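No value in this document is a laboratory result; all are computed from the given coordinates. Model, not experiment: these values are computed from the prediction. When we count neighbours, we look across all protein chains shown, and the Cβ atoms used for this are built from the backbone with ideal geometry, even at glycine.
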Amino acid sequence: MDDIPETGLHLEIDAPEPLRAELAALAGLRELGRLSAVFDLTRRGAGVRVTGNVSARVGQTCVVTLEPVESDIDEPVDLRFAPRAGAPAAAKSETVAAHTSDEDPPDPLFGGKLDLGAIATEFLLLGIDPYPRHPDAVFTPPADNEKAEGSTAFAALAKLKQKGSQVD
């Protein structure tokens, strides 16, 4: 926090390939071709405001066709951080203020430091499509041959019952 000048701080981060490979494995991606973040940090009293965006190029597998799917992620970032309240009374007043305000309370700032890599990772994970689909993918349910052949579970039970009565 002390490294942030009064005029603010602009940072651009590009993740190296070994880190992208680790993050791809963590997120269940085929690949993570690019991950970058642009952050603007400004002081807000004892706290910090972080704005910017996280962008990435991710490779996934289509949930319908199982073909490779490439997509771009562009997640806006707007976070506030403030030092943790030390006294229980201060924490109680912050809790009350948080519930009466329309704004979310600031995230805690531990030891006056921010982990911008963790912020970039969090917003990357939030931006990943959990069910990626190839643009041309069309889901067609399998043909329902069981019903056409009369081999539903109830039909199978009826056949067993008939066989049992024929054996006697």
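Quick check on packing: order 5-16, 70-81 by the mean number of other C-beta atoms within 10 Å, highest mean leading.
70-81, 5-16
What is the distance, in nm, between label points placed 7 Å from the Cα along the Cα-to-Cβ direction at residue 64 and at residue 155?
A separation of 2.9 nm, rounded to one decimal place.
Is there a quick way to get the dipole size of segment 9-139? I mean about its Cα centre, with the Cβ of Lys and Arg at +1 and of Asp and Glu at -1; what is the value in debye to the nearest 20?
Dipole magnitude for segment 9-139 comes out near 560 debye.
Give me, ordered by chain and number, the residues 5 or more places off residue 52 or on other chains with an amide H under 5 Å from its own placed amide H.
Amide H to amide H, under 5 Å and 5 or more residues apart or across chains, residue 52 pairs with 40, 77.
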